[in-house]
Structure formats: structure tokens, C-alpha cells
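Structure record follows, encoded as C-alpha cells.
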Amino acid sequence: MEQVQLHDWARYTPVQRFQRYGLFALTALVVAWALGSVNIIWAWVWDAPTQMGDLFSRMVPPDPTHLDQILSALWETVNLATIATALAVVLALPVAYIAAQNTTPNALTLWLGRFILVSSRSVNTIIWALLFVAIFGPGVVAGIVAIMFRSIGFLGKLLGEAIEEIDPKPVEALKACGASHFKVVLYAIVPQVMPTFFAVAILRWDINLRESTVLGLVGAGGIGMILQGAIDTFNWQEVSTVLLAIIALVVAGEIVSSYLRRRIL
Amino acid sequence: MSTAKDTWRKRPFIANPLLRYGLYAAIVVYVVTTFATLPIDWDRIAQGLSRAGRIFGGAFPPSFQRSELLIDGFLESLKIAILATVGGIILSIPIAFMAARNIVPLPVFYVGRAIIIIARSFHPVIVAIIFVKAVGFGPFAGILTLIVYSIGFVAKLLAERIEEIDPGPVEAMKAAGAPFLSTLIYAVFPQIMQRQIGLGIYQLDSNLRASAVVGIVGAGGIGATLANAFGRYDYDFALAITMVIVGVILISEAVSGAIRKRIA
């Protein structure tokens, strides 16, 4: 039996194939550039597995002698994240209001709102924390303010987008009835953005819980201070206890936030 | 004729009044006790305003005099981000397969999920500190940190994508007697590649942001330059660095968004 000659089939046209190979080559070139010029001491790289193994062997077993201090620092971290999220939520409301195209009073306030959102979002919490530790001194206040500053941008952006996507009919209906501006906001806009508001606030609380675990490393309070202390004194067994505590905190935060999301939404 | 109520009130958010006022009271008690118990040094905070004045006074105008240092720091951040993204994406593929319920047996699934949870639980700064202690200061620690960070995010979303694939091709391959690896390559990979590329581009952007931060604890890149400038009270240079970071992040966000829109 003679073999049936199949028509040559190709997934890509020659141009597409050329583009693909070009992209692959470009990617490879960029990676090679990065790998070739990055300032790495290769001896340290080959030594890394041994060093990591050594470090982990020093970490076990976790040392629970300072567990009470760790737990109280953990609670402080939770409080820090919660208070900062609450304050940020309150402050984000007016920002979202002026950053949404359909509610902002005029073009100037729109740009002001957008400027606040962009500058808040583009600077990382840790960098904010560096600044506020320099201003307020080491401690939880710097941490609270840092988290607040970062969260306003996040909350304001998402809330502002929710405001822009509302159904305009209730607003028009209330305006047609002669409702005051305040009442239009309260009865036509607020109910429509309420679900987003809670979803975003809970999401940000979860993120802030994670971020507040590292604020202590730059001196801004919480569990990170204890971690830094343990690392500085080479107390690796305590370091592993703190790390386990942080995992427990983050997992617990995720459980709480997913429970709240299900209950409220 | 019954008299209609002439006032209307918005329905309360929580119907049960006991629960509603209980919740309000609980919130007030929580806020008051927290503020009372947090170790806050009010005197020190009162000095904050004058200190802020000094810092901002020193920060204006931003100084771009040492722009070589700034550019070097940025190129290093970029290299860290690129290498970490490549490493993270390659490593996240097997881990994502391990964490996809429809591909692997249950014990392997738990191992895969555990890796992802651990990688996600630690903020990159904590991971960076550990790696800096283990492998020394510099970009290598930063690359390792961001690889862990990338795994936590990319592997999680990729695993979710794998769990959502169309099982038809997989069954067809199995029915034709294909071994496990061939099934993965020919039935699963084509279904997840697009998502993986999108995730990779997103992660590159995200790693560039994060590399600005991990440098603060000694893991190389622009963050190290920023932390040094801040530590030496060079507030004008620190402001210049921060402004450049913000600019680069905005550009990279726009570029990554545009690319993802095109391939989606």
C-alpha cells in the first residue's frame, strides 16, 4: 500500500515564524546581557547551596523561649495593619470621589486626585516607612502612617474606578427629584459602590498584614523588629520561630479575609 | 384608609439592631484599647513636624549630580528583575504542575501547594534578609529573593490555569498510549503557554518594583543606592532616586500593560 502524501501543514506562516524566532533571539540576547554584566561573585554562587544548608541547619529546631514576646509583637502587627487600613479607608473616600471622572467637581480636582493616587501607589510601603521613620522616629506610628500612605492609592484607585462604573440612572432620578448633592452621593452612589468598597478594604487589609510583617526591618514596628534583632544576634533558632509565626499570621489573615468576603459579599 | 408613613429611612446595613450596635461598640472599644496599648512615644512624634520640615527642606531641589550612581543602580535592578523573572518562570512550571489537582496524585499536590504557600507567605524583604545572610550582599541575593517571589505568584496562577484546562486532549493522548511527559508537552502545554507568557510579562514589571525594595536590606539594585543616600542624610539625592523609581515604574507598568493587551 502506498503511503498517502499529506499536504504540508504548518502552524505559523513564514512571517509569523520569523517574528517568533526574532523575539526568542531578542529575549535570549537580553538575558545574556543581564547575565554577563550583572555584578555577581560566582564563587559565592557555587558556594550558595552549602551556605544555605548551613543556615537552615542552624535554624532547627525553632527556639520557643521568647514565644510570649513574639506573640505580643504579632498582635501588635495585626493592630498596626488593622488601624492603618481603617484610617486609609476613611482617607481614601474623598480621594476616590475627586479622582473619579463622573463625581469630581472640576478638572483641577480630578488631576489632584489622580496625582495623589499615582504618587501614593508608586512608592513602596518600605520606602514610605524609611521616610516616616526618619520623621516620627522608630516605632509603630511610622509603620501606621507608611501603610496608610501606600493604601490610600490602592483603595482610592479601585474605589474611583467603581464610582466611574456606576449606573447613572439613580443619580439622574434623584437629581430630577431635586435632591441635594449630598443626598445624591449618599443614596445613589454609595449603595452602588458598597460591595466594591468592602471587597477592596478586605483585600487591602490582607495585603497590609503581609507588609506590616516587614516594616520592623526598617524600624517601623511590629514583628519585623524582633526578626531583625534575632538576625543581628545570629540567633537563628529564634529566627525560625519568628518565620513560622509569620507564616501562621499570613495564613490566618487569608482565612479571615476569605471568610469575611463570603459573609459580606 | 391607612396612613402611610411619611418618612422613609434607608435600611440599615445590618438588620439586627443588637448586632449592629454591638459591632459599632466593639469597633470603638478596639480602636481605643489599641491606641492605648500600642507603644507610642507622643513626645517624639510631636517633633515630627520640624523634622519633616528639615528633611523636605534638604530634599529640595532633588540632586541629579551623581546620576552615574543612579543609572548603575537602575541597570542593576533591571538585570536582577530580568534574571529573576527567567529563573522564576522556569522553576514555576514544574511547581505549578505539582500543585495542579488534575495532573498529579494527592501527596505531590500537597507538596506543591506547600511550596507555593511558603513562597507567598514571606514578604520579599524577609526572604531578601535571609538570602543576604546566606549568600552575601549584592545582586545574587536579590535574584534569589525575586525568584522565590515570582514562584509564589506565577506558580499559583499557573496551577489554577492548569486546573481549568480542557481535559479532552489529555484523555485523547492517554487513550493513544502516550507517556506522562508527552501528555504534558502536547496536551497541556499548548493550553497554558499563553497564560504563562502573560504572567511572565506581568511578573517582570512586578519584579522591577520589588527589586527597588529588596535593595534596602542589601540585596543590590537601586534600593541599595536609595538606602545609602537616606542613611547619609543625602535627602536631595534620595528624592531624585525616588522620583526616578516612580517614573520607571510608571513606564514599565504602561509597557507591560500594552504588551499583555496585545497578546491576550
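Bear in mind that the values in this text are calculations on the coordinates, not laboratory data. Only a predicted model underlies this, so the values are computations on that prediction, with no experimental measurement involved. Glycine also receives a Cβ, built like all others from the backbone with ideal geometry; neighbour counts cover every protein chain displayed.
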Quiz item: Using a simple spin-label model with points 7 Å from Cα along the Cα→Cβ vector, what separation in nm is obtained for B:Glu68 and B:Arg260?
Solution: 3.8
Practice problem: Give the calculated FRET efficiency between B:Ile40 and B:Gln191 to the nearest 0.05, with a Förster radius of 56 Å applied to their Cβ-Cβ distance. | Solution: 0.55
Practice problem: Give, as ranges by residue number, the residues of region A:50-70 whose backbone N falls under 19 Å from the point 7 Å along Cα→Cβ of A:Phe234. | Solution: A:50-63
Quiz item: What number, in percent, do you get for the relative contact order of region B:67-263 if the mean sequence gap of Cα pairs under 8 Å and at least 6 apart is divided by its residue count?
Solution: 29
Quiz item: Which residues in region B:180-202 place their backbone N less than 17 Å from a point set 7 Å from the Cα of B:Ile90 along the Cα-to-Cβ direction?
Solution: B:197, B:200-201
Exercise. Would you mind estimating how fast chain A diffuses translationally, via Stokes-Einstein at 37 °C and 0.692 mPa s with the Kirkwood radius over Cα pairs, in µm²/s?
Key: 144
Self-check item: Inverse mean reciprocal Cα-Cα distance (Kirkwood Rh) of the protein assembly as shown, Å
Solution: 26.0
Quiz item: What helices does chain A hold that run 30 Å or longer along their axis, going by alpha-carbon atoms, with a Kyte-Doolittle average of 0.0 or more, using DSSP H for the helix calls?
Solution: A:14-37, A:67-99, A:140-164, A:190-215, A:236-264
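Please compute the Kirkwood hydrodynamic radius over chain B, one decimal place, Å, based on all pairs of different Cα atoms.
Radius from the Kirkwood sum: 22.7 Å.
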Quiz item: For chain B, what are the DSSP H helices with axial Cα length of 27 Å or more and mean Kyte-Doolittle hydropathy of at least 1.0?
Solution: B:17-37, B:67-98, B:235-263
Exercise. Using only alpha carbons, build the gyration tensor for region A:191-265 and give me the equivalent ellipsoid semi-axes, biggest first, whole Å.
Key: 32, 13, 5
Quiz item: What is the fewest-to-most order of A:Leu71, A:Leu112, A:Leu158 by other Cβ atoms lying within 10 Å of their Cβ?
Solution: A:Leu71, A:Leu112, A:Leu158
Quiz prompt | Taking A:His66, A:His7, B:His123, A:His181 and counting other C-beta atoms within 10 Å, the order from fewest to most | solution = A:His7, A:His181, A:His66, B:His123
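Among A:Glu211, A:Glu172, which comes first, second and so on when ranked by fewest other beta-carbon atoms within 10 Å?
The most exposed by this proxy come first: A:Glu172, A:Glu211.
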Quiz item: What FRET efficiency comes out for the pair A:Leu23/A:Ser57, r = Cβ-Cβ distance, R0 = 51 Å, nearest 0.05?
Solution: 0.70
Practice problem: Starting from the Cα of A:Asn39, move 7 Å in the Cα-to-Cβ direction to define the label point; list residues of region B:77-121 whose amide nitrogen is under 16 Å from there. | Solution: B:77-81
